Amino acid sequence: MNVLTDNWSLYGRGFLGTVELTVYASLLALVLGFVMAAFRAAPVGSLRAFGTVWVTVLRNTPLTLLFFAVLLGLPRFGVVLPFTLFAVLALGCYTSAFVCEALRAGINTVPRGQGEAARSLGMSFTQTLGAVVLPQAFRSVIPPIGSTLIALAKNSAIAGAFSVTELLGTYKTLNELGYGIIWTFVWIALGYLIITLTISAVFTVLEKRWGVAR
Amino acid sequence: MAVDPLIELRDVNKYYGRLHVLKDVSLTVGRGEVVVVIGPSGSGKSTLCRAVNRLETIESGRITVGGRDLPEEGKALARLRTEVGMVFQSFNLFAHRTVLDNVSLAPVKVRRRSRADADRRSRELLDRVGLADQADKYPAQLSGGQQQRVAIARALAMDPEVLLFDEPTSALDPEMINEVLEVMRQLARDGMTMVVVTHEMGFARSAAHRVVFMADGRVIEDRAPEEFFTSPRSERARDFLSKILTH
């Protein structure tokens with residue numbers, strides 16, 4: 001029971017590590033996912049192909065394998081970065097594939113005529129997407145993107161196996177110190193709950209806020 | 001009339017897969033002309049209309065607007081589309097924006113006008129279509145006829161050289177059709193070049209300079225409305241008119 005109070009700073013560092021991974025990887029995933037969704041909707045064939053390959057490869061590869069590829073593969077090409085940054089890259093790229101598909105599903109809920117009307121007024125592809133299609137798609141993609149980011153928070157645990165400081169990884173140290181496994185994991189689980197429920201809450205607010213926009 | 005051609009189609013062919021929807025269609029629309037395109041469903045008239053601003057691509061033939069060939073997808077096409085306004089059957093107003101924003105959006109984004117300038121002009125246009133008092137509502141709060149009039153104002157906001165109407169009244173309740181047609185008649189009187197795909201024979205008679213009759217992807221007749229309605233040359237047109245004028 002006192003495993004938490006005795007090891008406050010260890011838990012704290014692990015918790016902050018997971019928060020850090022989640023926040024940075026989420027931002028990367030949202031930006032990349034957005035770009036890939038735009039690619040997949042673009043009138044340019046090569047961009048569409050690139051987006052499709054990106055999603056297909058990343059969505060269908062086990063995340064652990066992707067971690068291996070990034071952490072062990074990239075240094076072979078001379079790319080040497082802190083492990084945390086590698087982990088953010090792996091998590092962010094992986095999740096971007098899911099964000100892209102959620103966005104694309106949202107884009108498909110917007111009637112085709114909306115884009116046609118915008119284009120026939122002389123708006124460019126970017127303007128059509130940015131001012132007409134995405135704002136309307138946004139509402140319907142909030143719940144699935146929330147789920148995707150919650151999955152990302154939990155997936156960040158894999159980084160612990162690659163010596164990145166994060167929440168789940170704290171159990172090894174605590175175990176060596178002789179603490180009971182049950183309470184160790186209860187507090188770890190609570191840590192994850194704090195993060196995932198926060199994400200849920202943020203997305204519930206977003207949904208309420210944008211739900212009344214029309 | 002057609003001394004100064006604004007839109008020219010030469011031997012245009014369009015396929016949907018194996019379906020041949022436009023067969024060697026040629027058509028000239030002069031500046032200031034009002035051309036009404038009529039014909040049975042599936043005759044290709046909507047496709048023809050949409051091909052003029054390249055919402056539909058064509059497989060062969062030429063389409064020129066103002067003497068220039070339709071550009072490929074890209075900036076040049078976007079620029080051309082600012083000159084060719086379009087009004088859709090299903091209005092297609094931007095659902096997440098107010099009526100005023102709908103009209104001002106393209107002038108601000110495309111023409112780079114200031115918001116204040118664009119809004120002032122938009123209010124004038126809304127006044128012209130009789131909807132000045134609806135500026136702050138959302139499209140879903142308006143009737144179909146009102147939405148379509150907003151859509152016309154939105155197209156006019158770009159000061160296009162020509163307006164394409166793709167069955168503008170087909171999705172409307174009968175009592176709302178006239179308010180839209182009245183706006184269109186006014187535009188025609190003001191000398192706007194218009195291509196109108198419609199089933200409204202009354203409008204064709206009263207406002208059109210020419211009637212183009214299409215069937216099975218071909219232009220069958222292209223004549224002055226009075227001649228066409230009183231003595232159609234083709235059997236196909238006689239058949240079509242007998243079905244719609246006697247019900």
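The values are calculated or read from the model by the stated rules, or taken from the named source; none is laboratory data. Not measured: the values here are computed from a predicted model. As a convention, Cβ positions derive from the backbone with ideal geometry for all residues, glycine included, and neighbour counts pool all protein chains shown.
One line per residue, one yes/no per condition, for (1) more than 7 Å from chain A (Cβ to nearest Cβ); (2) assigned to a helix (DSSP H, G or I):
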| position | (1), (2) |
| --- | --- |
| B:S43 | yes, no |
| B:S46 | yes, yes |
| B:R54 | yes, no |
| B:E73 | no, no |
| B:A78 | no, yes |
| B:T82 | no, yes |
| B:L93 | yes, no |
statement: Within region A:112-127, restricting to residues that are under 16 Å from B:A76 (Cβ atoms) and either in a helix (DSSP H, G or I) or among the polar types (S, T, N, Q) (or both), the one that is farthest from the other protein chains (Cβ to nearest Cβ) is A:T126
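Within region B:19-30, restricting attention to residues that are of a type outside the set (G, A, S) and surrounded by fewer than 17 Cβ atoms within 10 Å (Cβ to Cβ), which residue is nearest to B:A207 (Cα to Cα)?
B:T28
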- prompt: If you scan region B:126-161, which residues turn out to be acidic (D, E), assigned to a loop (DSSP other than H, G, I, E, B) and on the phi < 0 side of the Ramachandran plot?
  reply: B:D136, B:E161
- prompt: Given the residues B:R10, B:R50, which is the only one that is of a type in the set (D, E, K, R) and in a strand (DSSP E or B)?
  reply: B:R10
task: Under 7 Å between Cβ atoms, at least 6 apart or on separate chains: pull out the pairs that start in region B:99-114 with a residue that is within 9 Å of chain A (Cβ to nearest Cβ) and aliphatic (A, V, I, L, M) and end on any residue that is crowded, with 18+ Cβ neighbours inside 10 Å and assigned to a helix (DSSP H, G or I).
output: B:L105/A:A131; B:V110/B:T82
- prompt: If we keep just the residues of region A:94-113 that are surrounded by fewer than 23 Cβ atoms within 10 Å (Cβ to Cβ) and of a type in the set (V, I, T), which is farthest from the chain's Cα centre (by Cα)?
  reply: A:V110
query: Quick check, is B:R68 within 14 Å of chain A (Cβ to nearest Cβ), surrounded by fewer than 21 Cβ atoms within 10 Å (Cβ to Cβ), under 16 Å from B:V162 (Cα atoms) and modelled with pLDDT under 95?
result: no
- request: Tell me the helices (runs of 4 or more DSSP H) entirely within region A:1-68 that contain at least 3 residues that are free of Cβ contacts under 8 Å to residues at least 12 places away in the same chain and not β-branched (V, I, T).
  value: A:8-41, A:45-59
- request: Give region A:187-214 a look and list any residue that's exposed (fewer than 14 other Cβ atoms within 10 Å of the Cβ) and more than 25 Å from A:L91 (Cβ to Cβ), or say none.
  value: A:K208, A:R209, A:G211, A:V212, A:A213
